[in-house]
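Data first, discussion second: the structure below is written as structure tokens.
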Amino acid sequence: MSGFRLPSCGLIDRSRPLHFTFDGKRYQGFAGDSLASALLANGVDILGRSFKYHRPRGLFSAGVEEPNAMVTLRSSARTEPNCKAPMVELFEGLEAKSQNRWPSLGLDIMALNGLAGPLLSAGFYYKTFMGPTRKAWMFYEHFIRKAAGMGAGTQLRDPDRYEETNAFCDVLIAGAGPTGLMAALAAAQSGARIVLVDDQAEMGGSLRGTSLTVGEAAGDIWCRSALAVLSALPNVTLLPRTTVYGYYDDNTFGAVERVSDHLPVPPEATPRQRHWTIRAKQLVIAAGAIERPLIFAGNDTPGVMLADAIRIYVERYGVSPGQRIALFANNDGAYRTVAALAKAGVTVVAVVDPRPEIGAEARSVVEGCGAELLTGHVVTRARGGRRLAAIEVTPYDPANGVQDRLHRSIPVDCLAVSGGWTPTIHLASQASGPARWDEALAAFLPGEPTQPWQAAGACSGELSTAACLTAGIQAGAEAARACGFAPSPISVPAVGPEITCDAILPLWDARPAGGKGKAFVDLQHDVTASDVSLAHREGFRSVEHLKRYTTLGMATDQGKTSNMAGLALMAQERGLSIPEVGTTRFRPPYTPIALGALAGQARGAHFRPLRRTPMHDWHVAEGADMMEVGLWQRPRVYRRDGETVEQAYIREARQVRQSVGIVDVSTLGKIDVQGPDAAEFLNRVYSNGFLKLPEGKARYGLMLREDGFLWDDGTTWRLGEHRFLMTTTTANAAPVLAQLEFLLAAVWPEMKVAVTSVSDQWAAMAVSGPKARDLLAAVLDDIGMSNEAFPFMGVREGHLDGVPVLVARLSFSGELAYEVYAGAHSGEAVWRRIMAAGEAFDVVAYGLEALGTLRIEKGHVAGPELDGRTTAEDLGLGGMTSRRKDYIGSAMMDREGLVDDNRMKLVGLISRDGQPVRSGSHLIVPNGESPPRSLGHVTSSTYSPALEKYIALGLLEDGRNRIGEALVATYPLKGHNVDVEVVSSHFFDPEGSRMHV
Amino acid sequence: MSDLLSPLQGHSEPRVAVAAQGEAGVALTERRIVSLVQVAAWSDRLAQVEDAVAAVTHCTPPQRPRGSSLRETTTIMAIGPGRYLVESADPELAKKLTAVIGPDLGAVTNLSQARSVVRINGPKATWVLSKGLAIDLDPAAFPPLDVAQTAIHEVGVLVRRIAEDSFDLYVFRGFALSFWAWLTEAAAETGYRVDPPGSA
């Protein structure tokens, strides 16, 4: 027999039926059901197949610890594998599929693995595929990967939104069971800001649906009124459906809220999940405890479930998991399940307990329901394939162990097991010393805090509701006090009679010596008790080795139901106590997290912010190919119909040299440098002199790193005696500013200099070409443009159509050229004005590619050459490193390695066979040694319309003495070899005659 | 020549995007800066610079870190030791400040076109901002008139609280549109209304 819906009881809304499918079959549940309870109510026994042996598995628990019932939800782009059925709230139209089976859940071909069991024992992969047979892995990998894993995700784009948010509070409370609720009540009335988090849709934890009375009312009603009080307080934030998954430095917490997981589709503009970064002064961990199973043969048979889970299904969901139920427990607490079943009218056949004596309340519960009480007994085996049919019980005493010859069989369809409780110390263990062993509970408790938290209630070993309520008040008040609040005392509500969890007999393993059949420790990873023994025999005895060798506790459930038993078995093998063997530490996340929740809004167009120049819209409207340069969007080429990128940039570059072109250079870093010491400051940060730069002039400057390597270059314009405008490369705009600020703050605080980024204040465009002067003369209102009035490197302030502009006569292209700076908001208008006036001068807008072409033809260096490994001398700029002053980098630039004659030097390269030269190619001697030695590499390359050849810049060992040599530029990854000739890097107009006209 | 062009032109025009609940939880308005000027005082000239700023703007600079002061259309924000951002409706502000704060006192830098400002106000303003702002927006921790220099979605932003439910967000001009797109997406959940640019 299977589970069924009880006629009454439970918190479900029987007036609201909900329909759902499981493996395509239609079922009905009720509002308030979980997928697990609804399947149980419909008599579905098998919810999945196990990881390794593909054994049929049924529901095992009622919470996040579920190791068996993992399902895939929804379909198509919303497919989500590995959802724990007890944590899935039922909704109308829910679509669920079982996993890890083929072709169907009933008939799973991989179940043959079960017969091959001995081959698949611990260390199977290492033994089979490593060492001498390593090559076998290459062969088997494909098949193993296909067989392994649990559910399959989707390759489709997730259509849902995810968000992140930040919260700050005084006290964060993780868990809203009796302890957490009480802590919140105690702390909240002091005025402290509280965030109360719980992973269930309805808060209340163990109080939900309980038959226990709290205060004057049933526990459930008390719980609802407590929540009503809390939700009315402005200083309390309640976060249901939220899991605090990680504990980070400075009391920062990661939490994920499942905002819309309980709905078929998130409402418009509502995220599916929300990631919370919570910064709290104090944390109260009220995470509860997780029941642990017992080990016997066939303990994974569908129908074997955790005892308290059965109580929850009965009391909260009105479902009985079977008709003839037995209990196998080593502690009194589990007898609450017997009481709940009896109250619901479900037959409890037998109660099996290894202890010779049990508590009086527990005894009276059993006697009251008429079940057979078998103290001093254990269950040694569960029988039945696809559903539990019977249990075998055997006398047991602590001295002689299991006496298997005396076993008898009891027909049951469901077995409740309880091996005691494991406090949920996960969060605590992320911020504490080693966990503490508690002998009475046979469990690990939180260790010494290394951050401001306290654990209270079941996670701290308090296993009765009354004790939890008291502990909650204490923890809440103490946390509020630690935040500087003065909580007034509140009284503990009285709790009706309850069976407490005292008097546990730490029995871990109920297998008779030499007993047959698989007894599982880790259900999710299919690790058996004999795997632990095997690990011990093979020398993997440390808990860390045990974990990695057997994969015990490494499944997505993090061993929530298995770790303790694994430790206990290893301790038994080694003849040590459990605390001597020790425990592993829990890492975040407590439960698996969707990557979408971590990504939040940072996806698609929002993956990174984009930075646009003031002329951006014009570029786009003109059909420019935009490209990302760092965060900037820059025009690459303005392609005309049918042009390739290469054709476009060749046309643009040619037109610049023939008439005039305009390019957007707004991305250059621009730094306002002001103050009485500004000139001296610049003189210290640039390697060349700046003290004598006259007002109204610009100078090209080099900056070195402190270690003497070349760092950045750019022009700096003297706008006044104490005022300069520095420009940097696009890439180094922020680092240069940061360096200048550092120098002023820490190295020369006495200097009166202020540096400010004005990169966004100015739109900048370079107008270059033989007709540049004529074009600007046509548009500028009040700047004399003759060579005498406005010489090379001159800087002038004036107006263009009434817009204030700064114009500097600088040339990156080698042509007669000017840079025009206008206020950013006027940038597009100024650009348009120049373009309009430029029609008469055959003006062309050019992009980054042509900009590169023009500067390579001139041998001007840029990012690819300023790669952090080159010196000024390497790039032919040695003359700019002054010998008459000290500056950043001067002390280190003459180190032996930096002045070595054999260093790679900047050279020009011309393709000899008409092929393009690929950047990144290595330069080698033709027909030389094999494998060839790299003499250098190509840094920048282009087609040169001026030379009508493919040309490149490169860094070549002893390059200046190799002018005229024939080399090969080789790119082995693409099998690309080009014959090149080494030439001077000044390909075009080396005298600079074109820009000095 | 044509008027000044905002980077949000074509994006910050009035509209209503309500959420499922049918209410606009926040109103977003592109504010138009007339003058935004940074003043930096040499450490031994702070008092003179503050006097000079007060003389020009008739507004006393804030006397504490992270503070701001307000008088009529002038706002002065403390953005660092001896550093202020002065915003005003006076188009000649930079010129006037430069005239009284010479190189002997400090430095004046015109940033009027270097920033875009978006005002967000409404009952959901802190909820929307919390999606990107990792600072405590509780009025006790971040009271009205306080400013914070931080980042939202990797974009540097200066946040100034106007009132409990109202904030000005200053971002670098080049990031303005990207930031606006992020902000409207973040506000979609609670619904938003865009008021005419310059109306706040």
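Summary table
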{"item": "Residue order, fewest to most beta carbons within 10 Å, for A:ARG640, A:ARG55, A:ARG258", "result": "A:ARG640, A:ARG258, A:ARG55"}
{"item": "Charge-dipole axis of the protein assembly as shown as Lys and Arg at +1 and Asp and Glu at -1 on Cβ define it, positive-most pick from A:SER190, A:ALA226, A:PHE22", "result": "A:PHE22"}
{"item": "Rg [Å, one decimal], Dmax [Å, integer] - segment A:812-942, C-alpha atoms", "result": "20.2, 60"}
{"item": "Cut-off 20 Å, label 7 Å out along Cα→Cβ of A:TYR248, residues of segment A:258-280 by amide N", "result": "A:258-259, A:273-280"}
{"item": "Inter-centroid distance (Cα atoms) of segment A:167-233 relative to segment A:792-823, Å", "result": "68 Å"}
{"item": "Efficiency of FRET between A:ARG705 and A:ILE963 - r from beta-carbon atoms, R0 30 angstrom, step 0.05", "result": "0.55"}
{"item": "Extent along principal axes [Cα atoms of segment A:599-676; Å; largest to smallest]", "result": "48, 43, 18"}
{"item": "At most 16 other Cβ within 10 Å, DSSP loop - trypsin sites (Lys or Arg not before Pro), segment A:705-782", "result": "A:ARG705"}
{"item": "Two-site FRET efficiency, B:ARG15 against B:ASP104, from Cβ-Cβ distance with R₀ of 41 Å, rounded to 0.05", "result": "0.20"}
{"item": "Spatial separation of Cα centroids for segment B:35-97 and segment A:60-96, in angstrom", "result": "59 Å"}
{"item": "Radius, Kirkwood style, for segment A:581-637 when every pair of distinct Cα atoms is counted (Å)", "result": "15.0 Å"}
{"item": "Pairwise label distance in nanometres, A:ASN902 with A:SER8, each label 7 Å out on the Cα-Cβ vector", "result": "9.5 nm"}
{"item": "Computed FRET value (nearest 0.05) for A:PHE607 with A:THR375, which takes r as the C-beta separation and R₀ as 51 Å", "result": "0.20"}
{"item": "Globularity index of segment A:782-857, i.e. its alpha-carbon radius of gyration over 2.2 N^0.38 Å", "result": "1.15"}
{"item": "Descending principal axes extents, segment A:901-997, alpha-carbon based, whole Å", "result": "51, 31, 18"}
{"item": "Out-of-range pairs (alpha-carbon distance over 31 Å; input A:LYS343/A:LYS516; A:LYS752/B:LYS96; B:LYS95/B:LYS124)", "result": "A:LYS343/A:LYS516; B:LYS95/B:LYS124"}
{"item": "5 angstrom amide H check on A:ASP677, placed H, neighbours 5+ away", "result": "A:LYS752"}
{"item": "For segment B:35-110, average projected area of the Cα convex hull in nm²", "result": "4.0 nm²"}
{"item": "Segment A:293-419: antiparallel DSSP beta bridges as a percent of all, rounded to 5", "result": "40 percent"}
{"item": "Viscosity 1.306 mPa s, temperature 10 °C, Stokes-Einstein D of segment A:889-943 from Kirkwood C-alpha radius, µm²/s", "result": "116 µm²/s"}
{"item": "Average beta-carbon neighbours from other chains, 10 Å sphere, peptide B:151-161", "result": "2"}
{"item": "Per DSSP, loop GluC sites (Glu not before Pro) in segment A:881-959 with at most 16 further Cβ within 10 Å", "result": "A:GLU929, A:GLU948"}
{"item": "Fewest-first sequence of A:CYS501, B:CYS59, A:CYS468 by Cβ atoms within 10 Å of each Cβ", "result": "B:CYS59, A:CYS501, A:CYS468"}
{"item": "Electrostatic dipole magnitude of chain B [Cβ: Lys, Arg +1; Asp, Glu -1; Cα centre; debye, to 20]", "result": "180 debye"}
{"item": "A:HIS799 paired with A:ALA152, simple spin-label distance in nm, labels 7 Å along Cα-to-beta-carbon", "result": "7.2 nm"}
{"item": "Centre separation in Å (Cα based) which lies between segment A:436-494 and segment A:878-924", "result": "67 Å"}
{"item": "Alpha-carbon gyration tensor eigenvalues x 5, square-rooted, for the protein assembly as shown, Å", "result": "70, 38, 27"}
{"item": "Alpha-carbon gyration tensor eigenvalues x 5, square-rooted, for chain B, Å", "result": "31, 19, 13"}
{"item": "Expected-Rg normalisation [2.2 N^0.38 Å, Cα atoms] applied to segment A:671-758", "result": "0.97"}
{"item": "Label-to-label distance, nm, for residues given as A:GLN451 and A:ALA201 (7 Å Cα→Cβ offset)", "result": "3.1 nm"}
{"item": "Loop-located GluC sites (Glu not before Pro) in segment B:47-131, at most 15 other Cβ atoms within 10 Å (DSSP)", "result": "B:GLU72, B:GLU92"}
{"item": "Mean shadow area of segment A:510-574 over all directions, Cα convex hull, nm²", "result": "4.1 nm²"}
{"item": "Per-selection Rg to Rh, segment A:293-419 - Cα, Kirkwood hydrodynamic radius", "result": "0.94"}
{"item": "Antiparallel bridges, percent of DSSP beta bridges restricted to chain A (to nearest 5)", "result": "75 percent"}
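All of the numbers you see were taken from the coordinates with simple rules; none came from a lab. Computed from a predicted structure; not experimentally measured. Neighbour counts run over all protein chains shown; Cβ positions are idealised from the backbone, glycine included.
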